[in-house]
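The values are calculated or read from the model by the stated rules, or taken from the named source; none is laboratory data. Note that the structure is a prediction, hence the values are computed from the model and not measured. Backbone-built Cβ (ideal geometry, glycine too); neighbour counts: all protein chains shown.
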Amino acid sequence: MHELALIESVARLAIAEAQQRGAEAITAIHLRVGSLAGVDPDALRFAAQVVLADGLAAKARLEIELVLAQAWCSPCAALFDLEAGLSLCPRCGASSGELRCGRELELAALELLLPDQPEPAGCAAGGAT
Ligand SMILES: [Zn+2]
């Protein structure tokens with residue numbers, strides 16, 4: 001299950017970024033996942049629960065944005081959507097579309113809890129040891 005390895009590398013990046021910015025916690029991790037990336041979003045979510053179980057990202061939400069694969073047809077100078085394995089240009093029928101997106105799996109954004117931000121409502125407890 002390579003989703004686990006993917007999440008591990010995303011988590012490393014996210015935690016490095018959070019540490020660099022002095023964040024107390026990561027509240028959300030936004031991923032962009034192409035429809036041809038060959039990953040299962042449910043498996044990604046499951047892997048994230050395992051990988052992010054403790055540390056800075058323990059409470060992070062995983063937001064997955066699916067990106068529909070698109071290819072470029074140069075005769076038509078047009079982008080077209082790739083639906084479920086079909087790669088024919090809908091205008092001219094050419095099959096040699098050049099894949100432009102759909103294989104990405106990237107960290108799109110991080111939401112961090114920074115020390116100088118007000119605490120979220122309902123988290124006022126603490127102080128005494
Ligand atoms: Zn075409």
Strands (runs of 3 or more DSSP E) lying entirely in region 1-73 (those with 3 or more residues that are surrounded by fewer than 20 Cβ atoms within 10 Å (Cβ to Cβ)): 25-34, 61-67
Filter result for the condition that a residue is farther than 30 Å from L99 by Cβ, touching a strand residue (DSSP E or B) at 6+ places or on another chain (Cβ under 8 Å) and not small (G, A, S), over I15, I29: I15
Output for region 40-68, where each listed residue is out of contact with any strand residue (DSSP E or B) (no Cβ under 6 Å at 6 or more places or on another chain) and within 30 Å of S95 (Cβ to Cβ): D40
Scan of region 91-107 for residues that are more than 30 Å from A18 (Cα to Cα) and more than 13 Å from the ligand (Cβ to nearest atom), ordered by number: L99, R100
Residue that is closer than 19 Å to A16 by Cβ, of a type outside the set (S, T, N, Q) and modelled with pLDDT under 90, where the choices are D81, D116, D54: D54
Qualifying positions in region 74-90 - surrounded by fewer than 12 Cβ atoms within 10 Å (Cβ to Cβ) and near the ligand (Cβ under 9 Å from one of its atoms): S74, P75, A77
